[in-house]
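Colleague: I have a structure I would like to understand better, so I am pasting it below and will then ask my questions one at a time.
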Amino acid sequence: MKSSRQPDPAAIRAITRRFAKTRVIVVGDVMLDHFLWGDVSRISPEAPVPVVDYRRESFMPGGAGNVARNIAELGARAELLGVVGNDPAAAQLKSILKQQGIDSSGLTRDGNRQTSRKIRVVAHQQQVVRVDRETRGDISSRTEKRLLDKIAKRLPESDAVIVCDYGKGVVTQSLLDGIREHCRARGVWLSLDPKPVHRLDLSRLSLITPNRKEFFALAELPDETRNDNPLKDSNLMLAAKRLMSCIQPAMMLVTLGELGMLLCRRDEKPFHIPTVAQEVFDVSGAGDTVIASFTLAVAGGASPIEAALISNHAAGIVVGKVGTATVTPAELAASFGP
């Protein structure tokens, strides 16, 4: 089924007002995003590479931290759980999180790991190069137990949990199994943004939010067909049927770039939502906005289709901004009209 209607703006405003009463646990791979901003006017005489004249630098939470940032910007209470090193980057990340109103008391220090850092050099709104400094091995069983204990302690007062797997070693199978068990026992919504390079049992979650590439990788199918109407894309429909049957999430929201999103639900026909993005400057972090806004909307009483439409509008707003951006409740409500 293709979306042909928009929810009542008054209903959207009512949902966004309930965000302020919502508490979400975000757990997964936490990173510090470091941006070096400058200008390019010449090529280096030493090698065929641009010379960037440094102007300024900025820092922000990345990975699971950016999902928590989206939750907080939308007015809800975000609690971030993950693993950091015993290093200056961890202290800097916690300081930034505090400034942005994000509870980082759940971050676990591990002296055998370094805090993940993504250093991006940006010139004229274009990323020139990225340097990664991180530990990618799985966390220890001791660190994993500490994380699970913190989640179990916080869960009774939480409305939803979002697991953010970027393949850096925090989201192990046993950690995910423990989170799923705790959430099922308390009836708490559990969303996950998957990374197929990190093979995990993703069965019976509330929501998974793969992009198109991740979607086909999870289904173990080639992406060989393209159709401007995703509902007529036979390979896309086959992948949806396979994943809904094998993984059995309550819902699956597939982001399709310029083709919008595909909402799949148990015992329902797939529902297509065309994109609302007018201009696309930067898709960095758009997936984080999608999982944050959908999860918050459902926790705020939205129907699955309303939540998908809300997350589609939220993504359309952030891709029109430069850098890893977020969206406010006012911007979200305004995007649906007066």
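Colleague: Relative to the present Cα-Cα distance, how much length would full extension add between residue 241 and residue 92 at 0.36 nm per residue of separation?
Modeller: 49.2 nm
Colleague: Using only the alpha carbon atoms of the stretch 137-176, find the Kirkwood hydrodynamic radius as the inverse mean reciprocal pair distance, in angstroms to one decimal.
Modeller: 10.9
Colleague: Would you mind ranking 22, 172 so that the residue whose beta carbon has the fewest other beta carbons within 10 Å leads the list?
Modeller: 172, 22
Colleague: Here's a follow-up. How many percent of the alpha carbon pairs in the chain exceed a separation of 35 Å?
Modeller: Within the chain, distances greater than 35 Å cover 21 percent of Cα pairs.
Colleague: Turning to a different aspect of this structure: Taking the beta-carbon count within 10 Å as an exposure proxy, list 134, 46, 79 from fewest neighbours to most.
Modeller: 46, 134, 79
Colleague: Something else now. Could you compute the FRET efficiency for residue 248 and residue 55, with r as their C-beta to C-beta distance and R0 at 35 Å, rounded to 0.05?
Modeller: 0.10
Colleague: Okay, moving on. Going through the stretch 152-240, which GluC sites (Glu not before Pro) have at most 11 other Cβ atoms within 10 Å and a DSSP loop state?
Modeller: 220, 224
Colleague: Charges at C-beta only: +1 for Lys and Arg, -1 for Asp and Glu. How large is the resulting dipole of the stretch 1-88 about its Cα centre, in Debye rounded to 20?
Modeller: Charge dipole of the stretch 1-88: 860 debye, to the nearest 20.
Colleague: Using the basic label-point model (7 angstrom from Cα toward the beta carbon), what is the residue 142 to residue 186 distance in nanometres?
Modeller: Result: 2.6 nm between the two label points.
Colleague: Determine the distance separating the Cα centre of the stretch 201-263 from the Cα centre of the stretch 16-68; give it in Å without decimals.
Modeller: If we compute the Cα centre of each part, the gap is 28 Å.
Colleague: For the chain, what does the helix formula give at 222 nm: sum of -39500 (n - 2.57) over DSSP H segments with n ≥ 4, over the residue count, nearest 500 deg cm²/dmol?
Modeller: The per-residue figure over the chain is -10500 deg cm²/dmol.
Colleague: To continue, here is another question. Hey, could you pull the Cα Rg and Dmax for the stretch 148-206, both in Å?
Modeller: 11.0, 33
Colleague: Please compute the length gained on full extension between residue 20 and residue 153, using 0.36 nm multiplied by the number of residues separating them and subtracting their Cα-Cα distance.
Modeller: Working it through step by step, the gained length comes to 45.7 nm.
Colleague: Using the C-alpha atoms of the stretch 184-286, what convex hull volume per residue, in cubic angstrom, is computed?
Modeller: Output value, Cα hull per residue: 120 Å³.
Colleague: If you don't mind, there's one more thing I want to ask. Do you know the relative contact order of the stretch 11-82, to the nearest whole percent, from alpha carbon pairs under 8 angstrom that are 6+ apart?
Modeller: 43
Colleague: If you stretched the chain out fully between residue 10 and residue 99, how much longer would it get, using 0.36 nm times the residue separation minus the C-alpha to C-alpha distance?
Modeller: 28.9 nm
Colleague: For each of 120, 204, count neighbouring Cβ atoms within 10 Å of the residue's Cβ, then give the residues from fewest to most.
Modeller: Final ranking by Cβ density, sparse to dense: 204, 120.
The numbers here are math on the coordinates, done by the rules we state, and not lab data. Please read these numbers as outputs of a predicted model, since none were measured by experiment. We place every Cβ from the backbone using ideal geometry, glycine too, and count neighbours over all the protein chains shown.
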